[in-house]
Ligand code: HEM
Ligand SMILES: [Cu+2]
């Protein structure tokens, strides 16, 4: 690899400025520029706005549910069926249509080309289609609120047989639309995912080796691979259940009597569905966690002015988690009556996956050790992420053990656990990331005071919501219950706690409106950011224009001379060295690339 | 550069070492790499369905279906289609436009025949009373063949684009990427079909069933 001469062959690598080939000219009309656009930045914004809009629906649903639990009967239209419909739609939207879409469709689209020094994704047309198909999936999902019978109330896990039997809310239309929407979503995700992976492998600019990639890109890369391998399981299980529902086939449906009537189903296996669902469902947790891991690593390093501790280990850990996440799925099925040896196996793998995960946490902490920590809003959110993720991860260690899980299964302990680890923690990263990259996307800073207010209310508030739920779980309060009237073992204190949680949830919800206001207002009126407000090293901050123009880099793509973490380097004149910054000419160490090879941008 | 070599790099030592490394792209055209990833995704899809197939077989109510003989003809059509695409690929590689054109058209034609034949098979099965929901074996056959057919239909769209471009193409070389991708995709779908067909045959009579109707033409 000690390559000193610049290769001049005809090999792909040298013609990286030719990437703006046919079909990708600068768009002229409003439509091709902002709507039917193939520019990864526009697609990223479309994805983000759509995801946040459905996310808002899920948030409102969570308020409604909390009102019913904290103050039973205060909103009389929430009957038990409605409650379950809200639970289902809230869970599914949050996990799939908000987090997955925002991390990969939003951040992935925006950051991958910019961080690797490319002009766009390698298949821009497919990328554009990916967004429109995603939008279709969202519309189909939202349509289920308006069909007779409303959306499905089967729980986000959609377990058959109950999901498609009469008596379950939304059994007529809701479940069909849900399944169709998920199938469409998988198609959209696959189109996007193929782009992300191929772009990261093939469109890196000169000098950007895999091991010089910022960890954000690594996180998105591994998460996308997980998605490409896991989403087919959702596709398959959704399709098979759709056939069971519509054509009365019996993939998952056993011989069954419903409401006194023997149905035509027979011989199918609900357990088969559970296996397929969780073969998708567990990796899904990491699909939303790994991009978060990557982003947090970069935020911490940038805002603590210190190189990330153990970069290589971080990459290896991402890969290890990715591989292991495919062999732990049945820890969601401990109470399904499976063979105890099976449970033993899955409990073991579950505990093993904690090792690379803990390693990442240590490395973040060691990065912070004796660092020059700037308590900016992105940094605050990153620190909050680490705390929340650790809290949620700890309860995961409990639930990963069969004997502990069995009594806690289907209680609020589980609700507390997964909200901490895959609800709140990724959302905190998303907020941090938005505060961090908003200046690049819009050219303006988000308001700092509002940001700090948003942070403290969200951080303390989500703890107030979800931490007490662990206690509710210990008491045995079941999840997915509309109300707890007349259940003898539930003490009055639990009702008071529930009222408290509801108040906290409403306050946290209100703080998100402040955040939305901040984005809308700062997008037009915020302080101009300049091109690199955080003095960051990665390439997206080195674009000639902010926000980056079409093609990102002006006439020449950047050339990369170093990894992404040269902060506080001894003897450097600034406390950071951008990735495309060569050593000063004259020391003979780092010859500047000749201009026809890309040259230097600054 | 091996994967492990890459992962063992020490990027923090590299800066200022005078290196001007290439980006380490894989030496494979981007389109083909994208397609390979897509093929991996489809493989996962069919492997999961195949696993479900085998699991579901064991639940006791499984009644294997008699494969309609037309499936052998369809298989032959798909083999020929794949072979024709291979011919087209060789044609563009050796810069023989006539061969490429013929291969491309023949490939599309045989693929269309395959799809039509699959519909015939469905009708025959339906006529014999093998309804979608009457037995899981039927359901799986319809589902798997439909998914396979849909993928081939998607391939036909790509084929249509390549064939349309054929008219304007100045040289065979211009067509090369499209033809390569089509050929790869077709070979893959042939393999998937053979696996599905094998699964079908294996469950209704084992090796006998596989060998006996051979005169229909595996050549
Ligand atoms: C302030 C924020 C949130 C509040 C107040 C909230 C509240 C709730 C409530 C009350 C339930 C139903 C519990 C039950 O009856 O079993 C629930 C379920 C759920 N939530 Fe959240 N949630 C919030 C954010 C999130 C986020 C960000 C995610 C993203 C992963 C998420 C994912 C889920 C899932 C997957 C379920 C389970 C649905 C089911 O049981 O089928 N939530 N949430
Ligand atoms: Cu899991």
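Would you point out which residue out of A:259, A:272, A:239 is within 9 Å of another protein chain (Cβ to nearest Cβ) and more than 14 Å from residue B:59 (Cα to Cα)?
A:239
Sort out which residues of the range A:491-529 are out of contact with any strand residue (DSSP E or B) (no Cβ under 7 Å at 6 or more places or on another chain) and outside any helix (DSSP H, G or I), and write them in order of number. Give the derivation first.
Within the range A:491-529, the first condition is being out of contact with any strand residue (DSSP E or B) (no Cβ under 7 Å at 6 or more places or on another chain), and the residues that meet it are A:491-521, A:524-525.
Passing the criteria: only A:491.
Among A:272, A:263, A:248, A:242, which is more than 16 Å from ligand 1 (Cβ to nearest atom) and either in contact with a strand residue (DSSP E or B) (Cβ under 7 Å, 6 or more places away or on another chain) or farther than 27 Å from residue B:46 by Cα (or both)?
One residue alone meets the criteria, A:263.
Out of the residues in the range A:320-372 meeting the condition of being without any contact (Cβ under 8 Å) to a residue 24 or more places away in the chain and within 13 Å of ligand 2 (Cβ to nearest atom), tell me which one is surrounded by the most Cβ atoms within 10 Å (Cβ to Cβ).
Among those that are without any contact (Cβ under 8 Å) to a residue 24 or more places away in the chain and within 13 Å of ligand 2 (Cβ to nearest atom), it is A:346.
What number of residues within the range A:271-291 satisfy the criterion of being away from ligand 2 (no atom under 16 Å from the Cβ) and within 11 Å of the chain's Cα centre (by Cα)?
1
Give the range B:41-55 a look and list any residue that's within 7 Å of chain A (Cβ to nearest Cβ) and surrounded by 15 or more Cβ atoms within 10 Å (Cβ to Cβ), or say none.
B:41, B:44, B:45, B:48, B:49, B:52
Just so you know, all these numbers are worked out from the coordinates, no wet-lab data involved. In this text the structure is predicted, and so the values were computed from the model without any measurement. Here Cβ is always computed from backbone atoms with ideal geometry, including for glycine, and neighbour counts include all displayed protein chains.
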